[in-house]
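Below you'll find the structure, written out as structure tokens, and then a few comments.
The values are calculated or read from the model by the stated rules, or taken from the named source; none is laboratory data. Every value quoted in this text rests on a predicted model; they were computed, and no experiment measured them. Glycine gets a Cβ as well: all are built from the backbone with ideal geometry, and neighbour counts include every protein chain shown. Note: areas computed on protein heavy atoms with side chains; ligands, DNA, RNA excluded. Shrake-Rupley method; radii C 1.70, N 1.55, O 1.52, S 1.80 Å.
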Amino acid sequence: MEYNIALLRGDGIGGEIVDGAVSVLERVGEKFGHTFKFTPYLIGGCAIDATGEPLPEETVKGCLASDSVLLGAVGGPKWDSQPGDKRPEKALLGIRSALGLYTNLRPAKLYPALRSASPLKDEIVGDGFDLMIVRELTGGIYFGDRGYREGKYGQEAYDTEAYSVTEIERIGRVAFESAMKRRKRLCSIDKANVLESSRLWRTTMHRLAQEYPEVEYSDMFVDNAAMQLVRDPKQFDVIVTSNMFGDILSDEASQITGSIGMLASASLGDSNRGMYEPIHGSAPDIAGQDKANPIATILSAAMMLRFSFGLSDEADAIERAVDKVLDEGFRTADITGGNCEAIGCREMTERIVNAI
Ligand code: IPM
Ligand code: MG
């Protein structure tokens, strides 16, 4: 089969890590007899520099015409003083919304080989944890009404958290379905003791729970969830939560696995086309120095094969290759845990390619 993949390298380390994932996909193509065609498009700061816009029309059209999208990362200090709607990050929200990608799957599991990189104690981690965060991606405060106005203390800025029953139900269904395919436990995280939008979230989730009697369902307030993730991460299987809570909790979940450089994500909507990206950012401090960890992006490419193209053997082959290279003891700087010498992004990529 032939697959057309839109490449959004973005800024900072984005180019290096996307190139790593492209080499891995090319190897998979050779080995399993597929053709992956890659077309690059600009997004984020590099797009601002070239066109004045963080998300050029051509990029949106190119992504809509592709079978799937692979993204590196956007943003950097160079563009920090841009007004809100011209920031590189705005492009990321724009492309998620333009492609209708309301579901964000962020798996966080501890690799046994990286045990020493996790900041959690042995008695907490035990034999490891494996959880899946299902984050709502095109609603909530990221997309709500915002602006400036005169308030009680003079000028103020505001952002609005709003969720409709339709939005909550569609992300809820994805979460219940993914719990059914895993250990059948779902925890919905909200702030229903304070926020009206969270109370609607909670009653809607409870209604859905009736349709999934096999799933052991629970609710948790987000402040408690932030604590429980470091106190006892093993209690979680699937977590479903809003856009902003999911953003925050997924960074926390990544750190307890040892490194944010390891976590992949899939953004999905109602079609097979998805967008796949590491959950980390553009790391401008190490860009261009061959120090980045390409594994999160390589694992994101594996998620693309699995979720968008239905190529699960091929996805397994990538995941096994990553396991093998880690088991052999090779580490990029972010995951050495101080135990061994680090290898660079290119060498890590090459080793994974050769292990497929
Ligand atoms: C993420 C990032 C983005 C988000 C930023 C860069 C807009 O933190 O994908 O988690 O907040 O969604
Ligand atoms: Mg984030």
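Count, please, the residues in segment 330-352 that happen to be open to solvent by 30 Å² or more (accessible area, probe 1.4 Å) and either in contact with a strand residue (DSSP E or B) (Cβ under 8 Å, 6 or more places away or on another chain) or not basic (Lys, Arg) (or both).
11
In this structure, does residue 349 turn out to be more than 29 Å from residue 137 (Cα to Cα) and either in contact with a Gly (Cβ under 9 Å, 6 or more places away or on another chain) or within 16 Å of ligand 2 (Cβ to nearest atom) (or both)?
Here the answer is yes, as residue 349 does meet what is asked.
If you check residue 258 against the conditions, is it more than 15 Å from ligand 1 (Cβ to nearest atom) and open to solvent by less than 20 Å² (accessible area, probe 1.4 Å)?
Yes; evaluated as a whole, the condition is true for this residue.
Suppose we filter 7, 71 for residues that are at pLDDT 95 or above, within 21 Å of residue 285 (Cα to Cα), in the same structural domain as residue 319 (by TED's automatic domain parsing) and in contact with a Leu (Cβ under 7 Å, 6 or more places away or on another chain); which single one remains?
The conditions single out 71.
Residues of segment 1-25 being in contact with a helix residue (DSSP H, G or I) (Cβ under 8 Å, 6 or more places away or on another chain) and acidic (Asp, Glu), which ones?
Those that are in contact with a helix residue (DSSP H, G or I) (Cβ under 8 Å, 6 or more places away or on another chain) and acidic (Asp, Glu): 11, 16, 19.
Being touching a Gly at 6+ places or on another chain (Cβ under 8 Å), part of a loop (DSSP other than H, G, I, E, B) and under 22 Å from residue 135 (Cα atoms): is that true of residue 72 here?
Against the criterion (touching a Gly at 6+ places or on another chain (Cβ under 8 Å), part of a loop (DSSP other than H, G, I, E, B) and under 22 Å from residue 135 (Cα atoms)), residue 72 does not qualify.
From the list 109, 90, pick out the single residue that is open to solvent by 60 Å² or more (accessible area, probe 1.4 Å), outside the structural domain of residue 179 (by TED's automatic domain parsing), over 23 Å from residue 48 (Cβ atoms) and under 20 Å from the mean Cα position of the chain (by Cα).
Just a single option satisfies the conditions, and that option is 109.
Residues being hydroxyl-bearing (Ser, Thr, Tyr) and under 22 Å from residue 86 (Cβ atoms): count how many of those fall in segment 1-53.
2
For the subset of segment 278-322 comprising residues that are among the hydroxyl-bearing types (Ser, Thr, Tyr) and in a loop (DSSP other than H, G, I, E, B), which member is farthest from ligand 1 (Cβ to nearest atom)?
Among residues in segment 278-322 that are among the hydroxyl-bearing types (Ser, Thr, Tyr) and in a loop (DSSP other than H, G, I, E, B), the one farthest from ligand 1 (Cβ to nearest atom) is 308.
Output the number of residues of segment 46-63 satisfying the condition of being open to solvent by less than 60 Å² (accessible area, probe 1.4 Å) and either in contact (Cβ under 8 Å) with a residue 60 or more places away in the chain or not in a helix (DSSP H, G or I) (or both).
Residues flagged as open to solvent by less than 60 Å² (accessible area, probe 1.4 Å) and either in contact (Cβ under 8 Å) with a residue 60 or more places away in the chain or not in a helix (DSSP H, G or I) (or both) within segment 46-63 amount to 5.
Within the set of pairs 6 or more residues apart or between chains, which connect a residue that is at positive phi inside segment 283-295 to a residue that is at pLDDT 95 or above and of a type outside the set (Asp, Glu) with Cβ atoms less than 7 Å apart?
That search, which allows pairs on different chains as well, returns 283/12; 283/13; 283/292; 290/344; 290/345; 290/346.
Scan segment 268-282 residue by residue and report those that are within 16 Å of ligand 2 (Cβ to nearest atom) and open to solvent by 30 Å² or more (accessible area, probe 1.4 Å).
Hit for segment 268-282 is 281, nothing else.
For residues that are within 30 Å of residue 78 (Cβ to Cβ) and open to solvent by 10 Å² or more (accessible area, probe 1.4 Å), tally how many sit in segment 1-38.
Of the residues in segment 1-38, 9 are within 30 Å of residue 78 (Cβ to Cβ) and open to solvent by 10 Å² or more (accessible area, probe 1.4 Å).
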